[in-house]
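This report refers to the structure that appears directly beneath it.
The values are calculated or read from the model by the stated rules, or taken from the named source; none is laboratory data. Everything numeric here is computed off the predicted structure, so don't read it as measured data. Reconstructed Cβ throughout: ideal geometry from the backbone, glycine too, with neighbour counts over all protein chains shown. Surface accessibility is based on the protein's heavy atoms, side chains included, excluding ligands, DNA and RNA. Shrake-Rupley method; radii C 1.70, N 1.55, O 1.52, S 1.80 Å.
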Amino acid sequence: MYDITGYHEATTLTDYFTLIEKYPEAKIIAGGTDVLVKAREYKKGFVGVPLIGITRISELHDTYLTAEGTLVIGPANSFTEVAAHPLVKKYTPLLAEAVALVGGPQTRNCGTIGGNVCNGATSADSAPTLFAYNAVLEIATKDGVKDVPIADFYKGAGWVDLAPGQILTKIKIEQKDYAGFIGHYTKFAQRQALDIANLSCATLVKHQDDVIEELRICFGVAAPTPIRMTGAEHYAQGKTITDETLKQIGAACLTETHTRNSWRASKEYRDHLVQLLPGRNIVEALKGEAAK
């Protein structure tokens, strides 16, 4: 059973701000795949509160390319919609690849990319890829908007920089952060579907022949938040892609992660994957490029 005191539907952002001012304790709900689970489990802050639905706010579904080449993704789009969107597939295919691995069809059809980000889970499939693309989040209040780099948005496990009354309105990826990159995403889990990651790794690489011009690596479930491998990325710049280079990239990643033991996987197993997955992702990205 759900201890919910009411449900209110916003059709515009103005509606939302009016409702949240009237019901400041309310929780935002879109797909409900996180909120309803927490309400059912009587999690603190989700019991005896009203819900404000935002799926009918049309601008939260808009996905488009700006004149400057920035890809803007509406946070109320479902994982299925993001994975299938022509602009996402063309400009940020790694994101399409990652969100296609979320849960099962029911979750992908209901759950939203914005909810996945705002939930703050390090295991979220969209998060490592959005980190690798240097995504910027537009956060709105009744008084205006602000842009927050996604790396600054995640504060800790399940903790994001979203104050009461604020709402995520856009996910933005600039042209410089996707143009010329190829990539691959690996989700390591107990099962191939209907599961969350034991460890995940998003890798983007820009190369000229066999030389790495720029590398971006982000792990999920390797720290309390998704974490970029800045040391490994710096090491790789200008290096020729060889087995030894890939091995050293993995070794550098191990010095930056903060894995732990859990019932899903041991620290030792996660550390093994940390060293293995970046190089494997680079190889898979190159194979995908060659196959086109």
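Things worth noting here:
- Count of residues meeting criterion [within 23 Å of the chain's Cα centre (by Cα) and either aliphatic (A, V, I, L, M) or over 16 Å from residue 81 (Cα atoms) (or both)] in the stretch 53-67: 6
- Conditions (1) open to solvent by less than 70 Å² (accessible area, probe 1.4 Å); (2) under 12 Å from residue 201 (Cβ atoms); (3) assigned to a helix (DSSP H, G or I); (4) of a type outside the set (Lys, Arg); number of the one not met by residue 275: (1)
- Among the residues of the stretch 188-204, the one identified as surrounded by fewer than 24 Cβ atoms within 10 Å (Cβ to Cβ) and in a strand (DSSP E or B) is 188.
- Taking the criterion of being in contact with a helix residue (DSSP H, G or I) (Cβ under 6 Å, 6 or more places away or on another chain) and among the hydrophobic types (A, V, I, L, M, F, W, C), the residues of the stretch 189-205 that qualify are 199, 201, 202, 204, 205.
- Looking only at residues of the stretch 142-169 that are within 21 Å of residue 18 (Cβ to Cβ) and in contact (Cβ under 8 Å) with a residue 40 or more places away in the chain, we find that the one that is farthest from the chain's Cα centre (by Cα) is 142.
- Among (1) on the phi < 0 side of the Ramachandran plot; (2) touching a residue at least 12 places away in the same chain (Cβ under 8 Å); (3) open to solvent by 30 Å² or more (accessible area, probe 1.4 Å); (4) small (Gly, Ala, Ser), the one test that residue 10 misses: (3)
- Applying the criterion of being touching a residue at least 40 places away in the same chain (Cβ under 8 Å) and not β-branched (Val, Ile, Thr) to the residues of the stretch 96-108, the residue that is farthest from residue 226 (Cα to Cα) is 104.
- Unique match (being closer than 17 Å to residue 183 by Cβ, modelled with pLDDT of 95 or more, in a helix (DSSP H, G or I) and touching a strand residue (DSSP E or B) at 6+ places or on another chain (Cβ under 9 Å)) among 217, 249: 249
- Being in a helix (DSSP H, G or I), aromatic (Phe, Trp, Tyr) and at pLDDT 95 or above is a property that residue 269 lacks.
- Residue in the stretch 165-186 that is open to solvent by 30 Å² or more (accessible area, probe 1.4 Å) and at pLDDT below 95 present: no
- Residue within the stretch 223-241 that is open to solvent by less than 60 Å² (accessible area, probe 1.4 Å), in contact (Cβ under 8 Å) with a residue 60 or more places away in the chain, assigned to a loop (DSSP other than H, G, I, E, B) and small (Gly, Ala, Ser) present: yes
- The residues on offer are 66, 33, and the sole one that is modelled with pLDDT under 90, among the polar types (S, T, N, Q) and either more than 19 Å from residue 116 (Cβ to Cβ) or open to solvent by 40 Å² or more (accessible area, probe 1.4 Å) (or both) is 33.
- Qualifying residue in the stretch 70-82 (condition: open to solvent by less than 40 Å² (accessible area, probe 1.4 Å), in contact (Cβ under 8 Å) with a residue 60 or more places away in the chain, over 19 Å from residue 186 (Cβ atoms) and within 13 Å of the chain's Cα centre (by Cα)): yes
- Selected residue (criterion: farthest from residue 218 (Cα to Cα)) from residues of the stretch 50-63 that are open to solvent by 10 Å² or more (accessible area, probe 1.4 Å) and part of a helix (DSSP H, G or I): 58
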